[in-house]
Amino acid sequence: MNRFERSPPDEEAVIEYLDGDYTVVRPGSFVRCGVTAEKILIDDLRYWSVDLQEAYASTDAVLQRVKEQSQAHRD
């Protein structure tokens with residue numbers, strides 16, 4: 001999907017996160033942060049995890065998830 005195609009307004013997209021890119025499975029105008037559940041507009045999507053298949057609203061959210069994953073592997 002390119003940035004000029006219309007996404008359904010106020011619908012959550014379903015995305016497959018890839019290395020350095022993503023594929024839109026179901027169009028929408030936003031996704032939710034895997035840590036904060038905050039809406040992330042598709043045009044603002046910058047951070048995600050391929051392994052966990054989730055998006056992040058900020059670098060702070062990424063760091064929080066990394067810490068949680070690190071702790072889970074230690075237990």
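Across region 25-62, what is the total count of residues that are assigned to a strand (DSSP E or B), of a type outside the set (Val, Ile, Thr) and exposed (fewer than 15 other Cβ atoms within 10 Å of the Cβ)? Residues in region 25-62 being assigned to a strand (DSSP E or B), of a type outside the set (Val, Ile, Thr) and exposed (fewer than 15 other Cβ atoms within 10 Å of the Cβ): 3 in total.
Within region 1-59, the only residue that satisfies the criterion of being modelled with pLDDT under 95, out of contact with any helix residue (DSSP H, G or I) (no Cβ under 9 Å at 6 or more places or on another chain) and hydrophobic (A, V, I, L, M, F, W, C) is PHE4. Of the listed requirements (1) modelled with pLDDT of 95 or more; (2) surrounded by 14 or more Cβ atoms within 10 Å (Cβ to Cβ), VAL66 misses just one: (2). When region 59-75 is filtered for residues that are touching a residue at least 24 places away in the same chain (Cβ under 8 Å) and out of contact with any strand residue (DSSP E or B) (no Cβ under 6 Å at 6 or more places or on another chain), the ones remaining, listed by number, are GLN64, ARG65.
The values are calculated or read from the model by the stated rules, or taken from the named source; none is laboratory data. As the structure is a computational prediction, the values presented were derived from the model and not from experiment. Because the Cβ atoms are built from the backbone with ideal geometry, glycine has one as well, and the counts that use them run over all protein chains shown.
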